[in-house]
1. Looking only at Val70, Val89, Val115, which one moves most when the chain is put into a Gaussian network model with springs between Cα atoms under 10 Å?
2. Which order do Phe4, Phe308, Phe295 fall in if you start with the one that has the fewest other Cβ atoms within 10 Å?
3. Could you give the nm distance between label points at Arg113 and Val16, where each point is 7 Å from its Cα heading toward the beta carbon?
4. If contacts are Cα pairs under 8 angstrom and at least 6 residues apart, what is the relative contact order of segment 157-290 in percent?
5. Residue separation times 0.36 nm, minus the C-alpha to C-alpha distance between Thr238 and Tyr331: what's the value?
6. Checking the table Lys59/Lys152; Lys78/Lys322; Lys185/Lys322 against a 29 Å threshold on Cα-Cα, which pairs fail?
7. List the relative contact order of the chain as a percent without decimals, with contacts defined as Cα pairs under 8 Å and 6+ residues apart.
8. Quick one: Cα centre-to-centre distance for segment 197-234 and segment 324-381, in angstrom?
Amino acid sequence: MDIFSPIRELNLLMEVFIAIIIIFSTKRFSILRKYKSISIMLFTIIYLVISQFDMESIKYFVVVFFFLAVIAAVYSIKLNDLAITLKRVSIFSLVCIYLNLILSIGLGLYSQRMVYNFEHVNLFGTYIVFISILFMNSVMLYEKMGMPMSKKRLLIYKLLFVVAAFLTTSTGAFLVQSLIFIPPKYFSLKRIIRLLLICMFGVVFLYYSTDLYLPKLHTKLFGVYDVFQAYSFSEFYTYSINQDSKALTQAMDLGGSFVWRLNTYLFYYHQYFNSGILKILFGGGVATYSDYAYFMPHNDFIALTLDFGILGLSLIIIFLIKNFKRATEKYYYPLLYLVIFICLRLGFENCMYSSYVFSTIITSMGITLACYQIYGSSKKV
C-alpha cells in the first residue's frame, strides 16, 4: 500500500487498528515489558502534549505504537513461520518496487527524477534500503534453522536491491545499499580504520577522474570544495543564517546539493543554539523546524535535536552505539546494517516527516531487534 496507495491517512489508520489488536493481547503485552514499552509510550505522549496534538505528532505516536506491536508480533511467531514470512514480504516488496519504477517510466515521471506515489526519489531510495533489512533478517533466521541460502541466490537478491536503489537515481540510497556487499566482519574498529584509509585514496582518485570525465558528478560530489575556494567559511555561515538567497544561489551553482545541505545545517543549528535553554535541552516538540523556516533540515538528526533537544538526541545516539556493539558481538549483521543505514540515511535526508517512510524504518527496526533476540536464543521460538 505504501508503494501504490496515494491515501496515506488510510495506511496510517490501518496501522493503528493492527497495533491495537496485537498489543492488547495479554500474552503479547507481557513480551513488551522487557522493551520498556510503557516508558517509550509515556515519552511519546509527553511530546504529543508539547506539540499540541498536531498531525505530525500524532503520526509519531502511531509509528511508535506500531513499533511496539511489531516487536510483540514477531515474538509470537514460530521461527520457521517468521523466516518464511519475512522472505515472502521482502520479495513481494521487491516486485512492487520494480513495478513502481516501470509505472513511473510509463507516466513520464522518471525522466523528471520522480517516482509514482513518493514525493522525492531520495525517499523511495530510503524505502528500498530499509526493506532490504527484512530480507537480511530472513536469511539469518534460515541459517539458524540449518537451511542457509546458497551464495549464488543471495548474490542475486543483493544485486536486485542494489539495482533498484540505483534506478531511483538517489546517489545516497545507491551507495548505502551497496554496503550489503561488504562482509560484516569488516565493520570491526580496526578494519573500519583501514577501510577509511582506502577510502581516502579512493576519494582522491574519484576527485580527479570525475573532474576530467564526469563534470556534473564532480560538482555534486566535490562542489563544496570549490565553494570554499570562492568563499570563506565565515562568509558562507553569514549567508546561511541570514538566508541570503542571491549569495546562496551562486554558492549552490558551484557546489550542488551538498552545499544546500550544509546551508540548512548551519541555519538550523544557529536557530537551535539561540532558542533558549529549555528548547536546547528538551526541544520544541514535533516539527519544530517549521517555527524557523519553510524548508526541512535535510538531516533527521538535526530535526530530532530541534524536536527532542540534546537529551533526546543523546538517547538515540546511545541506542545506536549500544546496538552496534550488540551486532558486532553476536555477528548479527542485519542489526549491524540497520544501525549503519539509519546513520547514513537519516544523516542526509528528511525521512521523519514522511510517515510511510519513517514507519518502514521503525518497522524494520522492531523486526530486527526482535529477530536479534530470537537468533541469539538457545532454543527455537
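Values quoted throughout were computed directly from the atomic coordinates according to the rules given, and no laboratory measurement underlies them. Just so you know, these numbers come straight off a predicted model, no measurement behind them. Cβ coordinates were reconstructed from backbone atoms using ideal geometry, including for glycine residues, and neighbour counts include every protein chain displayed.
1. Evaluated over the chain, the most mobile residue of the options is Val89.
2. Placing the least packed residue first, the sequence is Phe4, Phe295, Phe308.
3. That separation, rounded to one decimal, is 3.7 nm.
4. 16
5. Result: 28.8 nm gained on full extension.
6. Listed pairs above 29 Å: Lys59/Lys152.
7. Answer for the chain is 21 percent.
8. Using only Cα atoms to place each centre, the spacing works out to 32 Å.
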